[in-house]
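Below you'll find the structure, written out as structure tokens, and then a few comments.
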Amino acid sequence: MIKMAKRMKDTILYWEVWQDGKYLVIHHGTVGDTGESEKQKVPVFQKGQKIMGKLAKEKAAEGFDYLDEDKLFQVVIQYTYEENEMEAAFDLRQSIEELMNECLGWTGNGACDGGDIGQGTVNIFNYVIDVNIAAKTIIEELKYIGILEQSKLAYVRPGDDAYITLYPEEATFDLM
């Protein structure tokens, strides 16, 4: 998969391409919106990776930059659980990881990078381009599935260690 972004005055555009069998999927739009997708058949005797590289070069000529994962913001979703709720906590972690990959990925803002469980907390780690847009997306999705009230949401700037709470505003956030 190749991911690229272009910062405009008030928006960030995204463009990404990946191979799905005999097709390339090209997905693009404004960060925070689902955008548009199109499929392009990979011609016989051609390699998808080579075509993807050519398409990415064209986007680079239009001002798009390859996404530098070291410059993405880490956004963590946290839940607490009791010791006797370990199985439910694991299931929650799995379902939230899948949900985050869907909602952040299809809005061009990032992806989930897994999570951990221990010491009474479930932590789901996401890496995003824009924290404010990601927070809005995440909060909407968690509210929609009915678990927002149990959630804490915080982020950390690249190269920093201090978490800044996004939701709820008065909450304290600590990775245990």
Residues of region 63-94 classified as out of contact with any strand residue (DSSP E or B) (no Cβ under 7 Å at 6 or more places or on another chain) and either of a type outside the set (S, T, N, Q) or within 17 Å of G114 (Cβ to Cβ) (or both), total: 11
Any residue in region 119-126 that is modelled with pLDDT of 95 or more and within 21 Å of D68 (Cβ to Cβ)? yes
Limited to region 118-132, what total is found for residues that are under 15 Å from R157 (Cβ atoms), part of a strand (DSSP E or B) and either open to solvent by 40 Å² or more (accessible area, probe 1.4 Å) or touching a helix residue (DSSP H, G or I) at 6+ places or on another chain (Cβ under 7 Å) (or both)? 3
Condition met for G63 (open to solvent by 30 Å² or more (accessible area, probe 1.4 Å), assigned to a loop (DSSP other than H, G, I, E, B), on the phi > 0 side of the Ramachandran plot and without any contact (Cβ under 8 Å) to a residue 24 or more places away in the chain): no
Consider region 90-115. How many of its residues are in a helix (DSSP H, G or I) and either open to solvent by 20 Å² or more (accessible area, probe 1.4 Å) or in contact (Cβ under 8 Å) with a residue 60 or more places away in the chain (or both)? 12
Among the listed residues V17, V42, V25, V75, which satisfies the condition of being open to solvent by less than 50 Å² (accessible area, probe 1.4 Å) and either charged (D, E, K, R) or within 30 Å of E169 (Cα to Cα) (or both)? V75
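The values are calculated or read from the model by the stated rules, or taken from the named source; none is laboratory data. Note that the coordinates shown come from a computational prediction; the quantities given were computed from them, not determined experimentally. All Cβ positions, glycine included, derive from the backbone under ideal geometry; neighbour counts span all protein chains shown. Note: areas computed on protein heavy atoms with side chains; ligands, DNA, RNA excluded. Shrake-Rupley method; radii C 1.70, N 1.55, O 1.52, S 1.80 Å.
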